Structure formats: structure tokens, C-alpha cells
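Structure record follows, encoded as C-alpha cells.
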Protein chains: 2
Amino acid sequence: MGTESSSSIWPNEGMVQGVASKSTLGCLSRMLTESIHTDVTINTTDGVLKAHKSVLAACSPVFESMFIHDLKEKESSTIDIGDMCVESCSALLGFVYGTIRQEQFWKHRLALLAAANKYGLGEVKACCEESLLEDISSGNVLERLHVAWLYQLERLKKGCLAYLFVFGKIYDVRDEISGFFHHADRELTLEMFQEVLSVWKPI
Amino acid sequence: MGTESSSSIWPNEGMVQGVASKSTLGCLSRMLTESIHTDVTINTTDGVLKAHKSVLAACSPVFESMFIHDLKEKESSTIDIGDMCVESCSALLGFVYGTIRQEQFWKHRLALLAAANKYGLGEVKACCEESLLEDISSGNVLERLHVAWLYQLERLKKGCLAYLFVFGKIYDVRDEISGFFHHADRELTLEMFQEVLSVWKPI
């Protein structure tokens, strides 16, 4: 309790923002989980979800334009997401509405990455890249490299190349490398070759 | 970058929630400031504001019921807030949408408190009480006591009574106390008297 004049400097700078933010996030979470005044239906491959045009439009330029222009999405208030299952799409909404749980994110991060790329969700994309960088292993490095290439994730690509050639794990995936070279983009295989040339020297 | 198996324990526990929350708050802030798909108009005493039914309904049971029951607010998608100016009401929306600035809160906290009480915004109310407790002074203690009484703010009331009688500041407001006793609620004056009896002793 202050005991001096009312002109005293504000003692809890930032306190209000903190309380307001927390309360706002709780509010938004209820909007999603209790379907409060939802005005858009999302059709996934195996189920339907309800959401808010305002939230989707504010987070994604792609959703935004769907509702602005006279596309069928605007008229029907329905979005077809034909390449996501309801569980992955719930995770996507969870990210957007701030309710996502860590294990849910972890489980669906590849699907989230694809959706983030498609709908222009920069923060989701960055978060997925960061996460995929964390647990590169011999079992997934070639798949990750492909993903990095597909979605233009420079840091992830560099991470995979370093894993293979700087840390020398290329020997762990020797059996798979031939199949990979047969199917991977030529530009990517060229880049891998250049990486070898730049970090390896003849004995 | 992980160099071992993909079964490693998640290294950045909570990272995703943090990123998602921040991104969600930015999203919600844009919804308000850029009036993205607003669907409700708020009439204040001196201006009009735009907001979202879903957000208002999620934060306040009073707003929620306005849009559920067949009240005029539902039909017209308009809320009349005839006891708030546009600036105070902006601060209220700012709290709800998580965009409020500290000085804005500080300036409008009495109006916010009245609105929080009216619309059942528990967190706004608690935040206002906390703030009003911070800078009790001789110049405002009687007004604060009245406010505490009006909105059933027990902590603020106790703070004011302690300021007056425990810290002995009652002498600073001697000139005003007579006017206060003429207009204040009888229950409140009784409580003040009991406070004196409980903390003061005859010399």
C-alpha cells in the first residue's frame, strides 16, 4: 500500500499487461474450446471443426483473402482443408488460439509445417523448424533434409548437412543415401555434394 | 541440434506455448486495432467502437447472455454503454483484447472498475482493486473507501481503513470527514467506527 502522494511512480510496471494478457488468452481459449459464436466451419479429411473468421483472418493472409474476395469460402463460411486430419487441424487451431500443448505440437509438427507453409503462418513455420532442428537423428536426417528443401527452411537444411558431413553421420545412412539420390531434387543433391567438397579434404 | 536418437526428452519444454501465446496475442490485437471481421457495434457517450461478439461473450457472462437471449443487443448487434466515454471504453476493450497500456489503465481504472463490476469481468475488477491499493493517499482515501464500498472490494476497504486508523492518517482528512459521514452509507460509517474501537485504545 502506498502511503505517500498519489503522484508516486507506478510501482508494478507491466503488471496490468501481464494480467490482461493472461486473461485474454483464457478468453480466446474458451472461444475455441466452447465454440463461442463460431462463424466458420472447417472440413478436414475425417471431421469438422468450428472456428472464427476474425481469428483466422488476423493470423493468416491466405484465410484473410478467402473471406474478403468473393470466393466460395466467403459465401459458404466453410473452409476445406482436404489434406489434414481433424487431429492435426485441431493442433493448428490450438497454435493459432494459443491453447496447443507441447506434446500435441510435437506429434503434429510435420503437418503443422505443411499447413503453415500453405496458409502463410510465419510463426508456426519458424516454431516447427526450430523443433525439427532439435532432434535430428540418423533415422530422420534424410527426411528432414527433404522437408527443409520442400519448405525452404535454410537453418534446418544447414543443420542436416552439418549433421551428415561435419559430424560425419553420413556413414550411418549409407544404405539409404542411394535411394535418396534417386528421388531427391537435383539442386538439393548438388548442394549436398558441394557441402562435402567444402568441409572434407583429401587424406 | 540433437545428435542422438529421436527419443530424446524434449529440450525446450514450454517453448511452443510461449511462441503460440505471443503470436495469438498479436493476432487478437490486430483483430481489434484493424477491426478484422468485427460483428458488434458499441455505442458510448461520445463515439462508436467495433468489436467481436465471440470475444465479448467469452470474457463476460453479461455480454454472453445479451447475445444468447433475444434481447435487442442480439438482433441489432449493437451494445449501448451509455455510462462510458469512448476513451474509457477503448481501455476496457484494450484490457479484454490484451492491448492495454499501463498508463491507459492507470488513467481509466475507476471507469474500468465500474464496467468490470457491471459486466462481470472478474480479472479486470481484481486488477483495478490491486492498482487502487497501490497509491492510497490522504487526498483520495475517502473516495477510495467509497469506491471499495460500492463495488464490494474487501481488500481495498481494509487498506483504506488501515491507512486511516492504523497509520493514523485520519487527522489529515479531518476537514472532509464530516461531509463524508453525512453522505456515506450507514453500514460503512459503522464499520469505520468499529475499526477505530478495535485498533485504538484509551490513553
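The values are calculated or read from the model by the stated rules, or taken from the named source; none is laboratory data. Keep in mind it's a predicted model, so treat the numbers as computed, not measured. Here the Cβ positions follow ideal geometry from the backbone for every residue, glycine too, while neighbour counts run over all protein chains shown.
Here are the numbers for this structure:
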quantity: Positions within the range B:77-89 being surrounded by 19 or more Cβ atoms within 10 Å (Cβ to Cβ) and either over 17 Å from the mean Cα position of the chain (by Cα) or within 14 Å of another protein chain (Cβ to nearest Cβ) (or both), in sequence order; calculated: B:79
quantity: Check on residue B:39, farther than 19 Å from residue B:84 by Cβ, surrounded by fewer than 20 Cβ atoms within 10 Å (Cβ to Cβ) and touching a residue at least 12 places away in the same chain (Cβ under 8 Å); calculated: yes
quantity: Residues located in the range A:67-89, provided they are among the aliphatic types (A, V, I, L, M), at pLDDT 90 or above and out of contact with any Gly (no Cβ under 7 Å at 6 or more places or on another chain); calculated: A:79, A:81, A:84
quantity: Residue match in the range B:51-61 (condition: in contact with a helix residue (DSSP H, G or I) (Cβ under 7 Å, 6 or more places away or on another chain) and among the charged types (D, E, K, R)); calculated: yes
quantity: Long-range neighbours under 9 Å by Cβ, at least six apart or interchain, first residue within 14 Å of chain A (Cβ to nearest Cβ) within the range B:56-76, second of a type in the set (Asp, Glu) and assigned to a helix (DSSP H, G or I); calculated: B:56/B:64; B:57/B:64; B:58/B:64; B:59/B:123; B:63/B:73; B:66/B:73; B:67/B:73
quantity: Unmet requirement for residue B:131, which otherwise passes all of (1) among the polar types (S, T, N, Q); (2) facing chain A (nearest Cβ under 9 Å); (3) closer than 30 Å to residue A:26 by Cβ; (4) not in a helix (DSSP H, G or I); calculated: (4)
quantity: Top-ranked residue of the range B:147-203 - restricted to ones that are in a helix (DSSP H, G or I), basic (Lys, Arg) and more than 23 Å from the chain's Cα centre (by Cα), ranked as surrounded by the most Cβ atoms within 10 Å (Cβ to Cβ); calculated: B:169
quantity: Among residues of the range B:3-26, those that are at pLDDT 90 or above and either over 23 Å from the mean Cα position of the chain (by Cα) or of a type in the set (Lys, Arg) (or both), counted; calculated: 2
quantity: Considering residues of the range A:90-103 that are part of a helix (DSSP H, G or I) and within 12 Å of the chain's Cα centre (by Cα) only, the residue nearest to residue A:50 (Cα to Cα); calculated: A:93
quantity: Output for the range A:25-36, where each listed residue is within 7 Å of chain B (Cβ to nearest Cβ) and over 19 Å from residue A:87 (Cα atoms); calculated: A:25, A:27, A:28, A:36
quantity: Qualifying residue in the range B:107-120 (condition: over 30 Å from residue B:177 (Cα atoms) and modelled with pLDDT of 95 or more); calculated: yes
quantity: Close pairs (8 angstrom Cβ cut-off, 6 or more residues apart or separate chains): farther than 20 Å from residue A:143 by Cα and surrounded by fewer than 21 Cβ atoms within 10 Å (Cβ to Cβ) in the range A:109-124, at pLDDT 95 or above and of a type in the set (Gly, Ala, Ser) anywhere; calculated: A:120/A:60; A:122/A:116
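For every residue, the table says whether it meets (1) small (Gly, Ala, Ser); (2) away from every other protein chain (no Cβ under 13 Å).
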{"residue": "B:111", "(1), (2)": "yes, yes"}
{"residue": "B:121", "(1), (2)": "no, no"}
{"residue": "B:126", "(1), (2)": "yes, no"}
{"residue": "B:140", "(1), (2)": "no, no"}
{"residue": "B:156", "(1), (2)": "no, no"}
{"residue": "B:160", "(1), (2)": "no, no"}
{"residue": "B:175", "(1), (2)": "no, yes"}
{"residue": "B:185", "(1), (2)": "no, yes"}
{"residue": "B:197", "(1), (2)": "no, yes"}
